[in-house]
Amino acid sequence: MSDDSTPQVFPNRWADAAGPGGRAASRDLCGCIEQTGAGWQRPTRFHPERQDTGAPGWIRLLELVEEAAADGREVFEPLVELTAEQRRQVITLPPAITRLTSVKHLALYGSNLVRVPPEIGAMKSLEEFTPYTGGPDLDQPQGRPRTGS
């Protein structure tokens, strides 16, 4: 018999895909999609930012894509290899992802992605894409709010 008063605990299935924390914030928070329970919601806004292709995080991501393409890995979790500051510098995926033809799972848990390029369609083996960017009430599976303190 289970105790119905005990809140269900949901494990973080992607903790190993988030990478090191450090002192810098791992991602920027935005209000482009208002996460309210009921009532009036402001219109969804699109991000106008452009990817800084000279940023250290972007350059490191390009290196990681090349490594993954060369070794034919099936799971690609590039954010694990980036510092928190570098993760914040990546807001889209590079066109070079077309080279990741063996990748079955692309995990970007905790990313700052604001758009996904059409080149993702060239990842012919891709079965699972985890672009989860999180949010204050979305850190639990299926958008369930946190329980307890």
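Those residues that are of a type in the set (Asp, Glu), touching a residue at least 40 places away in the same chain (Cβ under 8 Å) and assigned to a helix (DSSP H, G or I), I need them from region 58-96; list them, please. Within region 58-96, 81, 85 meet the criteria.
Of note, residue 69 satisfies the criterion of being at pLDDT 95 or above and surrounded by 13 or more Cβ atoms within 10 Å (Cβ to Cβ).
Can you tell me which residue within region 76-100, out of those that are of a type in the set (S, T, N, Q) and open to solvent by less than 50 Å² (accessible area, probe 1.4 Å), is nearest to the chain's Cα centre (by Cα)? Among those residues, the one meeting the criterion is 92.
Taking the stated definitions as given, is residue 114 in contact with a His (Cβ under 6 Å, 6 or more places away or on another chain) and modelled with pLDDT under 95? So residue 114 passes the test.
Residues in region 105-133 that are open to solvent by 20 Å² or more (accessible area, probe 1.4 Å), in contact with a Lys or Arg (Cβ under 9 Å, 6 or more places away or on another chain) and outside any strand (DSSP E or B) were compared, and the one that is farthest from residue 75 (Cα to Cα) is 133.
The values are calculated or read from the model by the stated rules, or taken from the named source; none is laboratory data. Since this is a predicted model, take the numbers as computed values, not measurements. Every residue, glycine among them, receives a Cβ derived from its backbone with ideal geometry; neighbour counts consider all protein chains shown. Side chains are part of the model used for accessible areas, which takes the heavy atoms of the whole protein and leaves out ligands, DNA and RNA. Shrake-Rupley method; radii C 1.70, N 1.55, O 1.52, S 1.80 Å.
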